[in-house]
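J.: Below is one structure. I have some questions about it.
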Amino acid sequence: MKKKLTEYTEKHPVLVYWILAILLATALIPIAIIIFTKFPDFGKDIDIVTDGKGYNTNILFSLPIALKVSGGV
């Protein structure tokens, strides 16, 4: 089995390169995103910004809160 794989790799190096590149990218990129991305806790952030008053559906009240929580202002 190892001999056949080695022969195939030597015969088709570009194809093997692209297959490995695609497999590694599809496996490593999502893992890296999960590890290095800080997932925001919007409920906690909204409580901090509003002093525990919570979220209001009124757009005039909610827009400044959403901007503060997202880091916009």
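J.: Please work out if Pro40 is at pLDDT below 90, under 24 Å from Ala66 (Cα atoms), surrounded by 10 or more Cβ atoms within 10 Å (Cβ to Cβ) and under 15 Å from the mean Cα position of the chain (by Cα).
T.: Details: at pLDDT below 90: yes; under 24 Å from Ala66 (Cα atoms): yes; surrounded by 10 or more Cβ atoms within 10 Å (Cβ to Cβ): yes; under 15 Å from the mean Cα position of the chain (by Cα): yes.
It is true that Pro40 is at pLDDT below 90, under 24 Å from Ala66 (Cα atoms), surrounded by 10 or more Cβ atoms within 10 Å (Cβ to Cβ) and under 15 Å from the mean Cα position of the chain (by Cα).
J.: Ok, one more. Gly71: exposed (fewer than 10 other Cβ atoms within 10 Å of the Cβ), small (Gly, Ala, Ser) and modelled with pLDDT under 90, yes or no? So that I can check it myself, show each step before the final result.
T.: Working: exposed (fewer than 10 other Cβ atoms within 10 Å of the Cβ): yes; small (Gly, Ala, Ser): yes; modelled with pLDDT under 90: yes.
Yes.
J.: Just give me the residues in the range 1-37 being surrounded by 10 or more Cβ atoms within 10 Å (Cβ to Cβ), of a type in the set (A, V, I, L, M) and more than 30 Å from the chain's Cα centre (by Cα), in sequence order.
T.: Across the range 1-37, the qualifying residue is only Leu5.
The values are calculated or read from the model by the stated rules, or taken from the named source; none is laboratory data. Since the structure is predicted, the reported quantities are computational estimates derived from the model, not experimental observations. Glycine gets a Cβ as well: all are built from the backbone with ideal geometry, and neighbour counts include every protein chain shown.
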